[in-house]
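Step one of this worksheet: look at the structure below.
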Amino acid sequence: MALLLTASAHADEVLRKILEQNFATAVLLSDSEAISFGFQDFDPNSFLTDNNDNIGSEESLELRKQITIYTIPYTLDLPAVPLSDGTSITQDLTFVGSYLETKRNISYGDDPLEPQDTSKEQNYTFATKYGAGYAFTDHLTLNTGIGTNLMYYRNDYTYRNSFSSFFREQLDGRAFNTDAWAFTVKPNIELHYTKPQDWGHWETFTELKFFYGVGWGEANEGNVGNPGGWYWINGIKGFYDIGHLGGYGQTVFTSLRRIDVGGDLEDPMGTTNYYEWSAGWVMSVPFLKDYIDNIGLGLNINYGSSLKGGTLVFLINEH
C-alpha cells in the first residue's frame with residue numbers, strides 16, 4: 001500500500017526511503033552471522049503451551065515463507081604480514097554471492113471478489129571484503145576489515161486489482177516493473193575470544209558493522225537514495241567434539257547472538273534489536289577440502305524481529 005503514495009506530492013521521498021530500506025535489508029540478510037534462513041520455516045509456538053509473540057506468529061511465518069535467499073561465501077587466505085616483535089597480522093579476502101527473492105500477493109480493500117495483485121522482488125548481491133587480524137594473546141584477537149556490496153534490484157508486478165490498475169500509468173517504471181542499483185562500502189571491527197577445552201572449545205565475540213552507499217537506476221526516476229545503517233552482533237558459541245565417523249570429525253554446537261540495528265534497518269526489521277539462538281551438528285567432509293571445512297544441519301530461532309520464528313538450516317563452513 002505504501003508504494004501507492006507515489007501518486008502523492010511526497011511520492012519521491014517515500015519511494016526513495018523504501019528503496020534505501022530494500023538495499024539495506026539485502027546487506028543484512030546476506031550476512032549469516034546476523035540472521036539465518038533455512039529450508040523449512042516454522043512457528044515455535046506450535047510446540048509451546050503458552051504463545052510468545054516475540055518468538056513467532058502466523059504473520060512472521062508467512063513473511064519468512066515469502067523470502068528465498070541463497071548465499072555462497074568463499075574466503076581466500078593471504079600471506080601473513082610479519083611484525084618486528086615476532087608477531088604477525090593475518091590477512092584474507094572474502095567473496096560472497098547472494099540472491100534474495102520475495103514474492104507477495106497483495107490485496108487492496110475488503111471486496112473478496114477483487115483479485116489480488118502479485119509482486120516479485122529480486123536482489124542480486126556481489127560482496128567483497130578484505131580482512132586483517134592481530135592476536136593479542138593465544139585467545140584474544142582483533143579483526144578489522146573493509147568491504148563492498150554491489151547490488152541489483154528488480155521488481156516485477158502484475159496488476160489484477162481495479163484499484164491498483166487505476167494508478168498503473170503513474171506506477172509502472174517508477175515503483176513497479178522497474179529496477180535499480182546500489183553500491184555500499186562496509187567497514188567492520190571485531191573483538192574475538194576463544195577458549196579451548198577438553199571437550200572442544202567455546203568463544204565469544206563482539207562485532208560492529210557499518211555500511212553506506214549510493215543508488216541509481218530507473219526506479220523513482222533515478223532518485224534511489226543512499227542506503228546506510230549499522231548492526232552490532234554480540235554472541236557466544238560452544239563447540240563440543242563428539243568423535244569421528246569413518247575418519248571424519250563430528251561436532252555439535254550451540255550459539256546465542258544479540259543483534260542491534262540502526263539506520264535503514266530499523267523499519268524493515270521492526271525493532272532496534274533482536275536475538276538468534278542456534279544449535280546443530282557438523283562434520284568434516286572428504287571432498288572439496290580446499291573450499292569446504294564442514295557440512296551439517298542446524299536449528300535456528302529468531303526472537304524479537306519482524307522475521308521472528310524458527311527454521312531448519314543446512315550448514316556449510318560453520319565456525
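The values are calculated or read from the model by the stated rules, or taken from the named source; none is laboratory data. Note that the coordinates shown come from a computational prediction; the quantities given were computed from them, not determined experimentally. All Cβ positions, even for glycine, are placed from backbone atoms using ideal geometry, and neighbour counts span all protein chains on display. To get the accessible areas, we keep the full protein, side chains included, count just its heavy atoms, and leave off ligands, DNA and RNA. Shrake-Rupley method; radii C 1.70, N 1.55, O 1.52, S 1.80 Å.
Here is how the numbers come out for the structure above:
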item	result
Residues of the range 257-270 that turn out to be surrounded by 17 or more Cβ atoms within 10 Å (Cβ to Cβ) and either among the aliphatic types (A, V, I, L, M) or over 11 Å from ILE301 (Cα atoms) (or both), as a count	7
All positions within the range 189-231 that are open to solvent by 20 Å² or more (accessible area, probe 1.4 Å) and either of a type in the set (S, T, N, Q) or at positive phi (or both)	THR194, GLN197, THR204, THR206, GLY217, GLU221, GLY222, ASN223, ASN226
The range 133-150, residues that are more than 30 Å from LEU83 (Cβ to Cβ) and open to solvent by less than 20 Å² (accessible area, probe 1.4 Å)	ASN149
Some residue of the range 85-107 being over 30 Å from THR148 (Cβ atoms) and part of a strand (DSSP E or B)	yes
Pick from the range 92-147, criterion over 19 Å from the mean Cα position of the chain (by Cα), aromatic (Phe, Trp, Tyr) and farther than 19 Å from THR75 by Cα, ranking: modelled with the lowest pLDDT	TYR108
Test result for LEU307, open to solvent by 30 Å² or more (accessible area, probe 1.4 Å), under 17 Å from the mean Cα position of the chain (by Cα) and within 13 Å of GLY38 (Cβ to Cβ)	no
Which listed residue is touching a residue at least 40 places away in the same chain (Cβ under 8 Å), closer than 29 Å to GLY228 by Cα and surrounded by 15 or more Cβ atoms within 10 Å (Cβ to Cβ), from TYR159, TYR153, TYR108, TYR124	TYR153
Qualifying residues in the range 33-64 (those that are hydrophobic (A, V, I, L, M, F, W, C) and within 16 Å of the chain's Cα centre (by Cα)) - the one most open to solvent (accessible area, probe 1.4 Å)	PHE39
Condition met for SER306 (at pLDDT below 95, closer than 30 Å to ALA175 by Cβ and hydroxyl-bearing (Ser, Thr, Tyr))	yes
Subset tally (residues that are surrounded by 18 or more Cβ atoms within 10 Å (Cβ to Cβ) and either of a type in the set (Val, Ile, Thr) or touching a Cys at 6+ places or on another chain (Cβ under 7 Å) (or both)) for the range 167-188	2
Boolean, THR25 is closer than 17 Å to VAL313 by Cα and either surrounded by 12 or more Cβ atoms within 10 Å (Cβ to Cβ) or basic (Lys, Arg) (or both)	no
Evaluation of GLU169 against (1) without any contact (Cβ under 8 Å) to a residue 12 or more places away in the chain; (2) of a type outside the set (Lys, Arg); (3) assigned to a strand (DSSP E or B) (one fails), failing number	(3)
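Yes/no matrix, rows are residues, columns are (1) in contact with a helix residue (DSSP H, G or I) (Cβ under 9 Å, 6 or more places away or on another chain); (2) touching a residue at least 24 places away in the same chain (Cβ under 8 Å):
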site: ASN54; (1), (2): no, yes
site: LYS65; (1), (2): no, yes
site: THR68; (1), (2): no, yes
site: PRO82; (1), (2): no, no
site: THR94; (1), (2): no, yes
site: THR102; (1), (2): yes, yes
